[in-house]
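Engineer: Supplied in structure tokens, the structure appears directly below.
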Amino acid sequence: MLVDRFARRFTYLRLSLTESCNFRCDYCLPDGPDCTSRKEELTLPEIRRLVTAFAQLGTRKVRLTGGEPCLRKDLLEVIQTVKAIPGIEEVAITTNGYRLQRDVEDWRAAGVDAINVSVDSLDPSTFHLITGQNRLPSILDGIDQAIAAGIPKVKVNSVLLKGYNGSALPEFLEFIRQRKVSLRFIELMRTNDNVGYYQRHHISGDTIKQQLLGEGWQQCQKGPTAGPAQEFAHADYQGKLGLIMPYSSDFCDDCNRLRVSSRGQLFLCLFTEQHQNLRDYLQSDDTQPLQAALQQMVLAKKATHFLHEQQSGSTRHLAMIGG
């Protein structure tokens, strides 16, 4: 198993397939990716070797992220490859929803068990303002298609932004009243390129948590491979609502996930200073050297992310490693 010095077991791998994205979200890539972001992306054989090693060390869930993973032309082959690896029980994908309408049934057939779709506003004009794209209706239709296609877990991610969606809780609650989706509000996180933006737009998720509890929502218990969200349910709603609050004091206590970038760098934390390059280990089908290296590398994981101390590590932007 992959276990760190604090007895945290890592059963969840977030694997970035590309840093590139076709949206221009102003909290992430307002100017688009740099022109070198597609260079040296992991190949399909390298992905197979990487995930095989993680699976042999107890990883059970793999989330394919970006950037925007659907920009990989071999995405279906990646999904099929990861799903077929012994030990992998769940394959998830995080997407901006650009191709959800067109491709969701193919993703499901290839082996996708869970989809997270980024929707930062349910108002078309605000959505356009945040993302630079005017595609909200087709994305919402794609979410409904994902539910209809039988995807076991469909989630909607929304970054909390003062001045954009900070007061839109009623609209989001209405969205999940009749839909079996999990809506996730994510606190804006400070990275090296967004300090001023963070200071202007950050909202604490705790105010929403207190409002939910006051309106009869009940906090749910986490599963063993669940992400960091605190999730809430209400008898009057088919969907659930989750809060990802990285600035809460105990956020890192039950961390169960590691990250690998599209270029094969291991991120022990989203906000780490150092990245371990795994690329040399991925040139052979013998996964034992990589397993041994991972077991040693994980011992260097820190107890917390140090965001409380205004440290954001060397993460340039959130598209670099998929959040």
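The values are calculated or read from the model by the stated rules, or taken from the named source; none is laboratory data. As the structure is a prediction and not an experimental result, all values here were calculated from the model. Because the Cβ atoms are built from the backbone with ideal geometry, glycine has one as well, and the counts that use them run over all protein chains shown. Accessible surface is based on the protein model in full, side chains and every heavy atom, while ligands, DNA and RNA are left aside. Shrake-Rupley method; radii C 1.70, N 1.55, O 1.52, S 1.80 Å.
Engineer: In segment 220-288, which chymotrypsin sites (Phe, Trp or Tyr not before Pro) fall in coil by DSSP and have 16 or fewer other Cβ atoms within 10 Å?
Structural biologist: Sparse-neighbourhood loop chymotrypsin sites (Phe, Trp or Tyr not before Pro): Tyr247.
Engineer: With runs of 4+ DSSP H residues as the only contributors, calculate the mean residue ellipticity of the chain at 222 nm using -39,500 (n - 2.57) per run, divided by the residue total and rounded to the nearest 500.
Structural biologist: My calculation for the chain gives -8000 deg cm²/dmol from helical runs alone.
Engineer: Something else: Pick from Gly239, Gly142, Gly196: which residue has the top mean-square fluctuation in a GNM of the chain where Cα pairs under 10 Å get a spring?
Structural biologist: Greatest mean-square fluctuation among the candidates belongs to Gly196.
Engineer: Mean projection of the alpha-carbon convex hull of segment 1-149 over all orientations, in nm²?
Structural biologist: Answer in nm², one decimal: 9.9.
Engineer: Straight-line reach from Lys162: which lysines have a Cα under 18 Å away, not including same-chain ones fewer than 8 places off?
Structural biologist: Counting by Cα, and skipping residues close in sequence, Lys162 has these lysines nearby: Lys209.
Engineer: Between Ser167 and Ala109, take the C-beta separation as r, use R0 = 41 Å, and let me know the FRET efficiency to the nearest 0.05.
Structural biologist: 0.55
Engineer: Within the chain, which is the longest segment that contains none of the GluC sites (Glu not before Pro) sitting in a DSSP loop with at most 12 other Cβ atoms within 10 Å?
Structural biologist: 41-214
Engineer: Let me ask something additional. If you average the sequence gap of Cα pairs under 8 Å that are 6 or more apart and divide by the length of the chain, what percent do you get for the contact order?
Structural biologist: 22 percent
Engineer: Near the amide H of Arg63, under 5 Å away, which other amide H atoms are found, from residues 5 or more places off or on another chain, if H is placed in the peptide plane?
Structural biologist: Placed amide hydrogens put Leu13, Arg14, Leu15, Ala92 under 5 Å from Arg63.
Engineer: Taking just the alpha carbons, could you work out the radius of gyration and Dmax for segment 151-212, both in angstroms?
Structural biologist: In Å, with Rg to one decimal and Dmax whole: 13.2, 39.
Engineer: Under 18 Å Cα to Cα from Lys73, which aspartates and glutamates show up? Leave out anything in the same chain fewer than 8 places away.
Structural biologist: Glu19, Glu40, Glu41, Glu46, Asp103, Glu105, Asp106
Engineer: Return the Cα extents of the chain along principal axes one, two and three, sorted largest first, each rounded to a whole Å.
Structural biologist: For the chain, the Cα spread along each principal axis is 52, 43, 41 Å.
Engineer: If you don't mind, another one. What whole number of Å gives the distance from the Cα centroid of segment 1-63 to the Cα centroid of segment 146-165?
Structural biologist: 20 Å
Engineer: How many nm separate the modelled label positions at Ala235 and Ala148, each set 7 Å beyond the Cα in the direction of the Cβ?
Structural biologist: Between Ala235 and Ala148, the simple spin-label model gives 3.2 nm.
Engineer: Please list log₁₀ I(q)/I(0) at q = 0.12, 0.23 Å⁻¹ for segment 70-195, using the Debye equation with identical point scatterers on the alpha-carbon positions.
Structural biologist: Debye curve over Cα of segment 70-195, log10 I(q)/I(0) at q = 0.12, 0.23 Å⁻¹: -0.49, -1.36.
Engineer: Considering Cα pairs under 8 angstrom that are at least six residues apart, work out the relative contact order of segment 40-133 and quote it in whole percent.
Structural biologist: Relative contact order for segment 40-133 comes out at 27 percent.
Engineer: Can you tell me how segment 1-86 classifies by the Cα gyration tensor, rounded, prolate or oblate, using a/c under 1.5 as the rounded cut?
Structural biologist: Verdict is oblate for segment 1-86.
Engineer: What number comes out for the charge environment of Val159, summing +1 per Lys or Arg and -1 per Asp or Glu over other residues with Cβ under 9 Å away?
Structural biologist: Net local charge, Val159 excluded: -2.
Engineer: Quick one: of Lys61/Lys153; Lys39/Lys301; Lys39/Lys61; Lys83/Lys240, which pairs are farther than 20 Å apart, Cα to Cα?
Structural biologist: From Lys61/Lys153; Lys39/Lys301; Lys39/Lys61; Lys83/Lys240, over 20 Å: Lys39/Lys301; Lys39/Lys61; Lys83/Lys240.
Engineer: Give me the percent of the accessible area of the chain that comes from carbon and sulfur atoms, probe 1.4 Å, all protein chains in place.
Structural biologist: C and S fraction of accessible area: 48 percent.
Engineer: Hey, could you grab the Kirkwood Rh for segment 134-275? Inverse mean 1/r over distinct alpha carbon pairs, Å, one decimal.
Structural biologist: One over the average 1/r among Cα pairs gives 16.8 Å for segment 134-275.
Engineer: Sticking with this one: Round to the nearest 0.05 the FRET efficiency obtained for Gln274 and Val195 when R0 = 25 Å and r is the Cβ-Cβ distance.
Structural biologist: 0.70
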